[in-house]
Amino acid sequence: MPSITTPTSLTKKALAILLATLMFLSVAPSADEKHIAVYSPVASYTLPVLDRAGREYVGLLELLEPLGRVSTQSDGRRLRLRYNALDADFFAGKTRAKIHGRDFDFGAPFLIENSRGLVPLSSLSALLPRFLGTPVNFRESARRLFIGTEGIQPSFRLDAGNPPRLLLNFSAPVNPTISTEPGQLRMVFKRDPVVSPGSQSISFDNKVITHASYSENNGDAELDVAANQPLMASFTDDRKTIVISAVMVPAVQQTPAAPSGVGAGSQNPAQARSAANIASGNNNNNNNNVRRVLAVVDPAHGGDERGAALTDQLAEKDVTLGFARLLRHELEIRGFAVALVRDSDTSLTLDQRAAVANVARAGIYISLHAVSQGSGAQVYTALLPVEGTSNGVFHAWNAAQAPALPASRMVSAAIVAEMQKREFPVRASSASLRPLNNVFMPAVAVELAPGADGVADLTSANYQQRAAAAIADAVVSVRDRLGVQP
Ligand SMILES: [Zn+2]
């Protein structure tokens with residue numbers, strides 16, 4: 001069921017900030033902070049790197065602690081360390097130490113600061129095997145240290161459909177932070193021992209998704225994918241595949257939306273003809289009057305956020321995803337470009353969902369929910385907070401929907417009419433329902449309830465398909481009012 005929120009203090013939030021961050025918001029460490037990443041079968045971690053007298057150092061205790069039992073004692077000039085059953089002696093300012101009774105040469109002075117031992121990064125390839133008994137692979141220029149692991153090598157597969165998708169496969173689950181900027185999607189791997197896919201740059205034989213590149217620096221591995229359309233990423237359930245899809249923004253200029261309050265009778269004959277072609281399934285592009293409108297369909301909930309428990313076994317998040325895929329198909333055969341906000345069991349915030357639609361400048365946003373009680377469907381449009389007003393170029397975040405609301409209500413009325421034709425009990429209402437409030441374009445939420453066969457209907461492809469077809473027909477009937485309001 002929808003999570004209905006009361007108006008919050010977010011009204012001052014500038015949309016510009018959100019638009020800049022798009023789908024995945026992440027907190028990046030300060031660019032000048034130096035780090036080393038350590039990957040081992042028992043732990044993967046990052047540690048700060050300190051500059052001392054022109055050399056890079058890392059704390060010895062912090063380095064060993066995640067790997068075994070370690071303790072140290074220091075009087076400020078000498079540091080005694082025990083790692084598992086192994087003893088070592090270090091001396092402040094000296095390049096030589098004793099490890100398990102044998103000499104070790106750091107090649108640079110060992111440092112003691114506040115009873116803490118610091119070792120030069122340049123010594124790690126030689127130092128760590130003395131403690132761990134296994135060789136290590138230290139890529140010093142990138143500050144990435146691999147202990148007893150080969151790393152995870154990614155592989156790419158381009159699915160040249162429309163829209164094209166890039167499938168990025170990993171041999172183990174990964175958890176990158178993902179961000180987008182115009183023409184690029186960046187994946188930064190901080191804790192995953194991701195290594196080069198074999199070459200630093202890979203070109204794809206595709207007009208939309210053109211190439212990918214790999215780099216590593218300051219303890220991070222980074223994969224960048226370049227495209228000439230906005231990209232969105234989703235994970236498969238096992239987190240071993242990242243699916244990167246282009247969000248196809250209609251190439252044809254959308255017709256300016258009619259001013260609020262003007263009815264649907266204003267369409268010109270050419271547009272009426274296109275709509276008829278689309279409604280009859282004639283999707284050939286010889287007719288230049290066909291506007292390809294982008295519909296963003298949002299299966300509500302996902303990931304850890306399961307939505308309502310429709311039965312003991314059935315989570316709302318799974319019903320909304322199946323329903324969204326059917327609706328995508330119904331809209332596509334009617335000539336719409338469609339982007340799903342998620343096409344897997346991923347969790348996304350409401351702000352991220354709104355950003356997908358806003359950044360792509362979708363013509364319509366449709367959020368899907370499901371509920372075990374009631375019957376048929378409920379269609380919601382936004383109920384805007386009273387204090388939500390526009391302030392110059394910055395729209396009040398909770399009232400971003402305001403200019404599009406008359407068109408949203410028209411979409412809602414069209415869905416009600418189409419569902420009634422198909423004998424779905426259906427009601428329309430307004431609710432302060434995020435993220436409807438936060439999108440610029442016509443936006444509705446449709447909550448699917450059971451039909452005559454009870455809760456079983458919610459997973460019935462036939463039942464979902466009838467509902468999806470009704471929604472798609474309704475969207476076709478109002479397509480000339482879709483788009484971002486000027
Ligand atoms: Zn819900």
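The values are calculated or read from the model by the stated rules, or taken from the named source; none is laboratory data. Not measured: the values here are computed from a predicted model. With ideal geometry, Cβ positions are generated from the backbone for all residues, glycine too; neighbour counts draw on all protein chains shown. Each accessible area value is taken on the protein alone, full model and side chains, heavy atoms only, with ligands, DNA and RNA left out. Shrake-Rupley method; radii C 1.70, N 1.55, O 1.52, S 1.80 Å.
Do you know which of the residues in the range 348-379 that are open to solvent by 30 Å² or more (accessible area, probe 1.4 Å) and within 16 Å of the ligand (Cβ to nearest atom) is nearest to Ala417 (Cα to Cα)? Selected residue: Gly374.
What about Phe336, is it within 16 Å of the ligand (Cβ to nearest atom) and either in contact with a helix residue (DSSP H, G or I) (Cβ under 9 Å, 6 or more places away or on another chain) or modelled with pLDDT of 95 or more (or both)?
Considered against the rule, which asks whether it is within 16 Å of the ligand (Cβ to nearest atom) and either in contact with a helix residue (DSSP H, G or I) (Cβ under 9 Å, 6 or more places away or on another chain) or modelled with pLDDT of 95 or more (or both), Phe336 comes out as no.
Of everything in the range 187-198, what is part of a loop (DSSP other than H, G, I, E, B) and either in contact with a strand residue (DSSP E or B) (Cβ under 8 Å, 6 or more places away or on another chain) or within 23 Å of Leu348 (Cβ to Cβ) (or both)? Give them in sequence order. Selection gives Lys190, Arg191, Asp192, Pro193, Val195, Ser196, Pro197. Quickly run through the range 312-343 and pick out the residues that are in a helix (DSSP H, G or I) and of a type in the set (Asp, Glu). Once the filter is applied, which keeps residues that are in a helix (DSSP H, G or I) and of a type in the set (Asp, Glu), the range 312-343 yields Glu316, Asp318, Glu330, Glu332. Every listed requirement among (1) over 40 Å from the mean Cα position of the chain (by Cα); (2) touching a residue at least 60 places away in the same chain (Cβ under 8 Å) is met by Ser115 save one, (2). The residues listed here are Ala431, Ala474; of these, the one that is closer than 17 Å to Phe323 by Cα and within 30 Å of the chain's Cα centre (by Cα) is Ala474.
Take the conditions touching a Lys or Arg at 6+ places or on another chain (Cβ under 6 Å) and not in a loop (DSSP other than H, G, I, E, B) and apply them to Asp89. Does it pass? For Asp89, the condition - touching a Lys or Arg at 6+ places or on another chain (Cβ under 6 Å) and not in a loop (DSSP other than H, G, I, E, B) - is met. Applying the condition of being small (Gly, Ala, Ser) and more than 20 Å from Ala468 (Cα to Cα) to the range 308-328 and asking which residue is least open to solvent (accessible area, probe 1.4 Å) yields Ala308. Looking across Ala443, Ala461, Ala470, one residue alone is closer than 21 Å to Val338 by Cα and surrounded by fewer than 19 Cβ atoms within 10 Å (Cβ to Cβ). It is Ala461.
A Cβ distance below 6 Å, combined with a sequence gap of six or more or placement on separate chains, defines the contacts here; from the range 301-322, residues that are farther than 23 Å from Asp351 by Cβ reach residues that are open to solvent by 10 Å² or more (accessible area, probe 1.4 Å) and within 12 Å of the ligand (Cβ to nearest atom) in the pairs Leu310/Ser372.
Residues checked against (1) surrounded by 15 or more Cβ atoms within 10 Å (Cβ to Cβ); (2) in a helix (DSSP H, G or I); (3) of a type outside the set (S, T, N, Q); (4) modelled with pLDDT of 90 or more:
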{"residue": "Val119", "(1), (2), (3), (4)": "yes, no, yes, yes"}
{"residue": "Leu124", "(1), (2), (3), (4)": "yes, yes, yes, yes"}
{"residue": "Phe131", "(1), (2), (3), (4)": "yes, yes, yes, yes"}
{"residue": "Ser141", "(1), (2), (3), (4)": "no, no, no, yes"}
{"residue": "Phe156", "(1), (2), (3), (4)": "yes, no, yes, yes"}
{"residue": "Pro163", "(1), (2), (3), (4)": "yes, no, yes, no"}
{"residue": "Asn175", "(1), (2), (3), (4)": "no, no, no, no"}
{"residue": "Ser179", "(1), (2), (3), (4)": "yes, no, no, no"}
{"residue": "Leu185", "(1), (2), (3), (4)": "yes, no, yes, no"}
